[in-house]
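The structure appears right after this line, and notes come after that.
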Amino acid sequence: MKKVRWEEIMTVAARLFCEKGYMATTMDDIAAELYITKPALYYYIRTKHDLLYEICEVAIKRLMEGVESIEASGGPPEERFRELVRWQINMFSEHGDIINVYLADESELPTEKREYIRGLSREYESIYRELLRELIDEGTFREMNIPMAVRAISGMCNWLSNWYRPEGKMTADAIAGIFLDLIFNGFRSDAAMPGVGTRVKSGRVAKTTSRPEAVTAQAADRKH
């Protein structure tokens, strides 16, 4: 199978699945968009389910390749965490249709293939959890329910599939910056916050807080 042709098939199929919906898209639709006959399409792929599986596998494996590279870099936990969030968000810019199909239609896969894809997804989530634990242990983040925090982060990033447009006003990096501000301002421990400390008053240790400069960010609309 020629790699270029196969990638073209996946790209076209992912776009049609996003535009029309997986269930409403037929193999005839895909063949017509590629300007080939349906028998010619079947030379490359046997069923629409197989095509969906290939798209989902490519999506999660590309996500995993990025996160494994970030983990292997050996940088400080905060640096690796920031890079992980940026990577996840930039995937929507570079491979939006494929990622969106994976998020929206993975449940349509046959049981065995669905469980395999979900197993890879759990591996991806486990790296988020480990990084959060490192940040908590070093005092950057406060104690929290790590599984719930990871779901919140993933949900925020994955929601881009509903409104992100590559041609919009904000770049993926700019959006990542806003999301990271929200995460770090919400998760950071008091000990790591600027302007928060202790002072001695009348023989007692009293906590003092000076308001840090507020960080504001205009919310992105559907066209960001």
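Quick note: the coordinates plus some simple rules give every number you see, no bench work behind them. Everything numeric in this text was worked out from a predicted model, so none of it was measured. In this analysis, Cβ positions are derived from the backbone assuming ideal geometry, glycine residues included, and neighbour counts consider all displayed protein chains.
Summary of values
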item	result
Simple spin-label estimate for Glu57 and Asp28 in nanometres, 7 Å along Cα-Cβ	2.9
Amide N of region 1-42 lying under 15 Å from the label point, which is placed 7 angstrom from the Cα of Met64 along Cα→Cβ	none
Computed lengthening from Glu123 to Trp159, 0.36 nm per intervening residue step minus Cα-Cα distance	10.9 nm
Hz values of 3J(HN,Hα) by residue in region 168-174 - Karplus curve (6.51, -1.76, 1.60), Gly and Pro given as x	x, 6, 10, 6, 4, 5, 5
Built amide H within the under 5 Å cut-off of Ile36, gap 5+	none
Euclidean distance of C-alpha centroids, region 52-72 and region 77-99, integer Å	11
Estimated FRET transfer efficiency when R0 is 45 angstrom, pair Thr47-Arg142 (beta carbons, to 0.05)	0.40
Label-to-label distance, nm, for residues given as Leu182 and Ala152 (7 Å Cα→Cβ offset)	1.1
